[in-house]
Amino acid sequence: MSAPGSGIPNATSESSSGVKKAFPRVDLAGNNLPPSPAPSSPHAGRRYNIATELVFTEGSDQYNASSVPIYQSATFKQTSGSGGGEYDYTRSGNPTRTHLERHLAKIMSAQRALVVSSGMAALDVITRLLRPGDEVVTGDDLYGGSHRLLKFLSSNGGIIVHHVDTTDAEKVKAVLSSKTTMVLLETPTNPLIKIVDIGKIATAAHEANPNCIVSVDNTMMSPLLLNPLDFGADVVYESGTKYLSGHHDLMAGVIAVNDLQLGERLYFPINASGCGLSPFDSWLLLRGVKTLKVRMDQQQANAQRIAEFLENNGFKVRYPGLRSHPQYELHNSMARGAGAVLSFETGDIAVSERIVESAKIWAISVSFGCVNSLISMPCRMSHASIDAKTRAERALPEDLIRLCVGIEDADDLIEDLQRALVEAGAVRVTMDGIEAL
Ligand code: PLP
């Protein structure tokens, strides 16, 4: 098992379900991906380690451009009156987007990846597989936007949505039935950082209905740390706005599958509605993903130190890199690291507000995965679209502070946080340092 916070995959470790945690050796050569003038597939079928794969791309650009060209064109001229070109219209396909999709398929250990205009657009595309009367089983600590979309589908689209505690496989099994056509999971959940056993739930869902589509939102982990498809998920999706791009300068969503027929079913609404990622944003995302490993390694190491700092000073901290996390073992049986998002409680909403407002390096902002460190109160910001009654039912503490750790110097981050804790009156200064009140 890799040391928490180290981000170093261990080639030999296996989870209890027997699934290898190490990056699988996927050879995309010869598969049925859409054609691209700039293929990003392993040279001669060779699969390199992830740090290499992230930056290594192959292409057949006429000028051997080192950076994949941006085909900023809505249309492509055809070779005959009956068509015949590889591309015709960017809503249907664009060479820059295809190159990115092939690159991401390789990195996500998938047979096909699709890129769309946001993480929510990705979930929208996935939920278009549903029909009125279908049942969806999902978590009770979902990202607020996902919750909002599912609520819309249940009130307007005739979809029956069951929100259960997905960290308890027995509770999930209790609502699964032959009518369950989709299971939507997030792990770790956000912002309560609860862990979901993907393998156990995927097996139970497929037993209940062999056609059930198990879909996992992998935004919190990124493909660097977790590959849900290896644990039995049918679809993995991510907000590319977060770790994949890393700089909060674009919106994107990524969907990946191993079943090529399912890939075609997901491509249909992208082409039909036009939510495919623009050529420029595809290029930006391709650039961002190249530094995923160096960013995540630093973010994760910083997050571990900050989680330990808060815990050592008496705060209740939720972070899967801490041994005190109740599902530490489960998380580490699936993932290659703990990620860089953590949350903690102060016991007082006003104190939490003062901490958030006193921090200087930590920007008050929604989202995560950026090179800059961010601080927020989820109930006031990212999860405000979940009404107060539902938040209370789901035991979402109103004073919860979420920290999304960036790549800055860890000492500076801790010093800034410590100053904010003192200014907010959350700690008392003692001879030995500080302690939570
Ligand atoms: N999934 C998770 C876990 C998220 O946190 C977010 C956004 O914060 C999304 C999905 C939606 O992604 P986007 O904002 O790119 O639409």
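The values are calculated or read from the model by the stated rules, or taken from the named source; none is laboratory data. Only a predicted model underlies this, so the values are computations on that prediction, with no experimental measurement involved. Here the Cβ positions follow ideal geometry from the backbone for every residue, glycine too, while neighbour counts run over all protein chains shown. With ligands, DNA and RNA removed, areas are computed over all heavy atoms of the protein, side chains included. Shrake-Rupley method; radii C 1.70, N 1.55, O 1.52, S 1.80 Å.
Summary table below
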item	result
Qualifying positions in segment 311-329 - surrounded by 14 or more Cβ atoms within 10 Å (Cβ to Cβ) and among the small types (G, A, S)	G321
Boolean, S178 is assigned by TED's automatic domain parsing to the domain that holds V116 and away from the ligand (no atom under 16 Å from the Cβ)	yes
Near pairs, Cβ below 6 angstrom, 6+ apart or cross-chain, from segment 143-162 (away from the ligand (no atom under 15 Å from the Cβ)) to any residue that is of a type in the set (A, V, I, L, M) and assigned to a helix (DSSP H, G or I)	I159/L153; V161/L150; H162/V175
Residues that are in a loop (DSSP other than H, G, I, E, B), open to solvent by less than 10 Å² (accessible area, probe 1.4 Å) and out of contact with any Pro (no Cβ under 7 Å at 6 or more places or on another chain), drawn from segment 193-205	V196
Members of segment 221-257 that are near the ligand (Cβ under 9 Å from one of its atoms) and either within 20 Å of L176 (Cα to Cα) or in contact with a Phe, Trp or Tyr (Cβ under 8 Å, 6 or more places away or on another chain) (or both)	K242, G253
Only one of L150, L185 that is more than 17 Å from A335 (Cβ to Cβ) and open to solvent by less than 40 Å² (accessible area, probe 1.4 Å)	L150
Which listed residue is crowded, with 23+ Cβ neighbours inside 10 Å and aromatic (F, W, Y), from Y267, Y243	Y243
Strands (runs of 3 or more DSSP E) within segment 341-437 that include 1 or more residues open to solvent by 20 Å² or more (accessible area, probe 1.4 Å) and over 15 Å from N190 (Cβ atoms)	341-345, 427-430, 433-436
